[in-house]
């Protein structure tokens, strides 16, 4: 059922449990501009080509890294023509288990939750 505010609501009851589902839809105004007479199409093609090139280079980097790791075997430093050229660098990442924090300490989770709006170009 839809209420006076345009919100869809449903209620289900079974033995001792009542479930209320509320879905709210929002209307967003979107400004559209015709860019036919500009260089937007050229810029869009460049944008897409650059994104694809980045992905291709990232794939090449992953393959090259895998090969270097394979060549290193158990060693930490790789030498080429008698010169140390690369090494395995030890490091670590620190992260927070969001699900555990939210389940165990919901107040702390809500108090530290930071939402940052952003936009990006999405080629259609």
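Within segment 103-124, count every residue that is free of Cβ contacts under 8 Å to residues at least 60 places away in the same chain and under 30 Å from residue 46 (Cα atoms). Summing the residues that are free of Cβ contacts under 8 Å to residues at least 60 places away in the same chain and under 30 Å from residue 46 (Cα atoms) in segment 103-124 gives 7.
The condition of being at pLDDT below 95, surrounded by 10 or more Cβ atoms within 10 Å (Cβ to Cβ) and either within 32 Å of the chain's Cα centre (by Cα) or on the phi < 0 side of the Ramachandran plot (or both) holds for only one of 27, 7, 13, that being 7.
Residue 74 falls short on exactly one of the conditions (1) at pLDDT 95 or above; (2) more than 26 Å from the chain's Cα centre (by Cα); (3) surrounded by fewer than 10 Cβ atoms within 10 Å (Cβ to Cβ); (4) not in a loop (DSSP other than H, G, I, E, B), and that condition is (4). Does any residue of segment 37-48 turn out to be surrounded by 10 or more Cβ atoms within 10 Å (Cβ to Cβ), within 25 Å of the chain's Cα centre (by Cα) and either under 30 Å from residue 87 (Cβ atoms) or modelled with pLDDT under 90 (or both)? No, that holds for no residue.
Residues in segment 77-111 that are surrounded by 10 or more Cβ atoms within 10 Å (Cβ to Cβ) and either in contact with a helix residue (DSSP H, G or I) (Cβ under 8 Å, 6 or more places away or on another chain) or assigned to a strand (DSSP E or B) (or both): 77, 78, 79, 85, 86, 87, 88, 98, 101, 102, 108, 109.
Scan segment 46-55 and tell me whether some residue there is over 30 Å from residue 35 (Cβ atoms), out of contact with any helix residue (DSSP H, G or I) (no Cβ under 7 Å at 6 or more places or on another chain) and either assigned to a helix (DSSP H, G or I) or touching a residue at least 24 places away in the same chain (Cβ under 8 Å) (or both). Taking every residue of segment 46-55 in turn, none turns out to be over 30 Å from residue 35 (Cβ atoms), out of contact with any helix residue (DSSP H, G or I) (no Cβ under 7 Å at 6 or more places or on another chain) and either assigned to a helix (DSSP H, G or I) or touching a residue at least 24 places away in the same chain (Cβ under 8 Å) (or both).
The values are calculated or read from the model by the stated rules, or taken from the named source; none is laboratory data. The model shown is predicted, which means the values in this text are computed figures rather than measured ones. Note that we place each Cβ from the backbone using ideal geometry, even for glycine, and neighbour counts take in every protein chain shown.
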